[in-house]
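A.B. asks: So that we are looking at the same thing, I have put the structure below in structure tokens.
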Amino acid sequence: MRFYLLVTLAFAAVSRASSFDELLDRSFRAAERQAAFLASVACTETVVEMKLDPKNRSESKSSRQFDYFALIDTASGDLSVNESRIEKGSKASKANKQLLQSTGFALLSLLFHPFFEQSFVLTDGGSETADGRDWNKILFQYRPGKRSPTLMRTGAREYPISWAGEAWVQERTGRIGHIHAKVAAQLDEIGIQSMETDVRYGPVEKFGEPAEWVPLEAIVDMRTLHQHWRNTHTFSQFRKFEVTTAERKPSVTK
């Protein structure tokens with residue numbers, strides 16, 4: 001009887017490992033599909049920047065809107081990402097002093113892109129039920145020395161961000177619904193004590209079935225020794241991004 005119990009437990013452990021590997025594979029493929037889709041759409045991004053006092057009350061606040069789209073290129077065998085943000089009503093917003101620039105967080109799901117497969121240690125975080133959906137949690141930890149999907153730029157220097165956190169993933173599709181991440185290594189060299197982010201993703205039904213998932217909200221919280229900022233990015237009004245070109249033939253004079 002004892003021998004039978006040990007065999008059963010061993011089989012269950014192997015089954016869980018196999019199931020988690022399959023979940024990772026689905027999440028990699030979902031991240032790849034999402035990257036391709038996001039490269040074909042544009043949206044409106046609203047950014048609310050806040051500087052907080054020691055009691056987490058708003059000390060100053062700024063709000064902006066942008067036409068946003070992401071240029072994602074994998075044609076060269078590399079993964080190249082550039083965000084385009086064109087401010088709306090820039091004349092009216094000149095009175096709003098920019099507090100903290102934070103970009104790139106909407107695309108944090110790219111840490112599950114196959115290009116970054118070796119950049120993170122991924123482990124099973126169990127399951128959770130929220131908002132009427134069942135989620136599987138994947139814990140991630142950046143491997144030092146590997147390429148990070150996000151960089152922090154200060155002056156002429158760039159620092160790879162060593163994220164650690166958890167992603168909530170749909171078991172059936174591998175789609176990521178929520179990412180919570182913190183910087184795993186301190187950035188004392190540039191005066192940052194802590195930085196964390198929460199990013200939510202969800203479906204956009206207007207582009208057909210199955211509905212594609214896009215970033216809906218990204219909250220970025222950063223602290224230095226004397227200052228505390230919180231930026232909230234919301235994304236709406238998704239639309240197909242199209243590039244039109246016009247060919248002009250040179251005139252010929254006789």
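A.B. asks: Can you say whether Glu45 is charged (D, E, K, R), at pLDDT 90 or above and not in a helix (DSSP H, G or I), as far as the supplied structure shows?
C.D. replies: So Glu45 passes the test.
A.B. asks: Evaluate region 173-187: report whether one residue or more is surrounded by fewer than 16 Cβ atoms within 10 Å (Cβ to Cβ), at pLDDT 75 or above and not in a strand (DSSP E or B).
C.D. replies: Taking every residue of region 173-187 in turn, at least one turns out to be surrounded by fewer than 16 Cβ atoms within 10 Å (Cβ to Cβ), at pLDDT 75 or above and not in a strand (DSSP E or B).
A.B. asks: I'd like to know if region 209-231 contains one or more residues that are in a strand (DSSP E or B), out of contact with any helix residue (DSSP H, G or I) (no Cβ under 7 Å at 6 or more places or on another chain), hydrophobic (A, V, I, L, M, F, W, C) and modelled with pLDDT under 75.
C.D. replies: No, that holds for no residue.
Conditions tested, residue by residue: (1) at pLDDT 85 or above; (2) over 15 Å from the mean Cα position of the chain (by Cα).
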residue	(1), (2)
Leu23	yes, yes
Tyr68	yes, no
Gly77	no, yes
Arg85	yes, yes
Ser90	no, yes
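A.B. asks: Right, next: Which is outside any loop (DSSP other than H, G, I, E, B), in contact with a His (Cβ under 8 Å, 6 or more places away or on another chain) and more than 15 Å from Phe105 (Cβ to Cβ), of Glu128, Glu158, Glu166?
C.D. replies: Going through Glu128, Glu158, Glu166 in turn, just one is outside any loop (DSSP other than H, G, I, E, B), in contact with a His (Cβ under 8 Å, 6 or more places away or on another chain) and more than 15 Å from Phe105 (Cβ to Cβ): Glu166.
A.B. asks: Let me ask something else about it. Being in contact with a Lys or Arg (Cβ under 8 Å, 6 or more places away or on another chain), farther than 22 Å from Arg85 by Cα and surrounded by 14 or more Cβ atoms within 10 Å (Cβ to Cβ) is the requirement here; does Gly126 meet it?
C.D. replies: no
A.B. asks: Lys97 versus (1) on the phi > 0 side of the Ramachandran plot; (2) at pLDDT below 75: which is the lone unmet condition?
C.D. replies: Failing condition for Lys97: (1).
A.B. asks: Lys146 - would you say it is out of contact with any Pro (no Cβ under 9 Å at 6 or more places or on another chain) and not in a strand (DSSP E or B)?
C.D. replies: no
A.B. asks: Do we find that Leu122 is closer than 16 Å to Ala31 by Cβ, modelled with pLDDT under 95 and not in a loop (DSSP other than H, G, I, E, B) in this structure?
C.D. replies: No, not satisfied.
A.B. asks: Would you be able to say whether some residue in region 129-140 is under 19 Å from Met195 (Cα atoms), of a type outside the set (S, T, N, Q) and modelled with pLDDT of 95 or more?
C.D. replies: Yes, the conditions are met somewhere in region 129-140.
A.B. asks: Okay, next question. Name every residue in region 154-167 that is farther than 22 Å from Asp124 by Cβ and in contact with a strand residue (DSSP E or B) (Cβ under 8 Å, 6 or more places away or on another chain), in order of residue number.
C.D. replies: Result: Glu158, Tyr159, Pro160, Ile161.
A.B. asks: Keeping to region 141-170, report how many residues are surrounded by fewer than 16 Cβ atoms within 10 Å (Cβ to Cβ) and at pLDDT below 90.
C.D. replies: Summing the residues that are surrounded by fewer than 16 Cβ atoms within 10 Å (Cβ to Cβ) and at pLDDT below 90 in region 141-170 gives 11.
The values are calculated or read from the model by the stated rules, or taken from the named source; none is laboratory data. This structure is a prediction, so every number in the text was calculated from the model and none was measured. When we count neighbours, we look across all protein chains shown, and the Cβ atoms used for this are built from the backbone with ideal geometry, even at glycine.
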